[in-house]
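The values are calculated or read from the model by the stated rules, or taken from the named source; none is laboratory data. Keep in mind that this is a model prediction, so the values were computed, not measured. FYI the Cβ positions are ideal-geometry reconstructions off the backbone, even for glycines, and counts take in every protein chain you see.
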Amino acid sequence: MNVKGLYISSVFHLTTGLVLAGLLAPLQAADPPIVKVSPVVLRRLAALAGLPLYPPEALEKKVSGVVVVEVVVGDGSLLSSNLLEAPDEYTGRSVLRALSAWRFNSPEPKEGAPIRLTSRLAFYFRIVDGRPVVIDGAQQMFGRTKK
């Protein structure tokens with residue numbers, strides 16, 4: 001074996017050893033890009049999207065207000081959710097629990113590559129005539145978003 005072959009072989013074995021030892025991460029495909037969309041666009045992609053329940057604790061305390069969550073969606077499911085605003089912990093948890101069950105139709109690929117979508121969703125918790133009401137902000141502002 002010549003010197004060049006010995007060098008390449010040594011680099012290969014060293015790199016493989018470092019990867020196996022966990023000291024060097026193997027090359028991985030880059031995550032798909034994240035594209036920001038309006039809540040209405042994201043809701044149109046929702047194939048399964050139940051509203052959050054009005055938590056009994058919040059109802060007992062007559063808590064009302066808006067819960068705002070930033071979400072990232074990809075491969076038909078919710079990849080992450082970040083609670084940005086909530087009138088109390090119970091309404092916030094109720095929204096996060098509901099969102100974890102949502103399923104989405106896959107967005108159109110961008111230039112042939114898959115993408116992830118992000119948006120801010122708002123849910124309004126109201127007590128109307130003594131009864132709890134939860135309203136999806138995208139549907140409230142723009143009417144029904146499903147075709």
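A few points about this structure:
- Some residue of the range 65-78 being assigned to a helix (DSSP H, G or I) and within 19 Å of A138 (Cα to Cα): no
- Members of the range 99-136 found to be over 17 Å from the mean Cα position of the chain (by Cα) and within 30 Å of L59 (Cβ to Cβ), listed by number: Y124, F125, R126, I127, V128, D129, G130, R131, P132, V133, V134, I135
- Residue match in the range 79-99 (condition: out of contact with any helix residue (DSSP H, G or I) (no Cβ under 6 Å at 6 or more places or on another chain), at negative phi, of a type in the set (A, V, I, L, M, F, W, C) and in a strand (DSSP E or B)): yes
- Tabulated pairs, the range 121-135, first assigned by TED's automatic domain parsing to the domain that holds Y54 and more than 10 Å from V67 (Cα to Cα), second loosely packed, with under 13 Cβ neighbours inside 10 Å and basic (K, R), C-beta under 9 angstrom, 6+ apart or interchain: I127/K62
- Residues of the range 79-130 satisfying the condition of being of a type in the set (V, I, T) and either surrounded by fewer than 16 Cβ atoms within 10 Å (Cβ to Cβ) or within 19 Å of I34 (Cα to Cα) (or both): I115, T118, I127, V128
- Candidate set from the range 64-78 (those that are over 8 Å from the mean Cα position of the chain (by Cα), surrounded by fewer than 19 Cβ atoms within 10 Å (Cβ to Cβ) and modelled with pLDDT of 95 or more); member that is farthest from P132 (Cα to Cα): V68
- Which numbered condition Y90 misses (of (1) touching a strand residue (DSSP E or B) at 6+ places or on another chain (Cβ under 9 Å); (2) free of Cβ contacts under 8 Å to residues at least 60 places away in the same chain; (3) among the hydroxyl-bearing types (S, T, Y)): (1)
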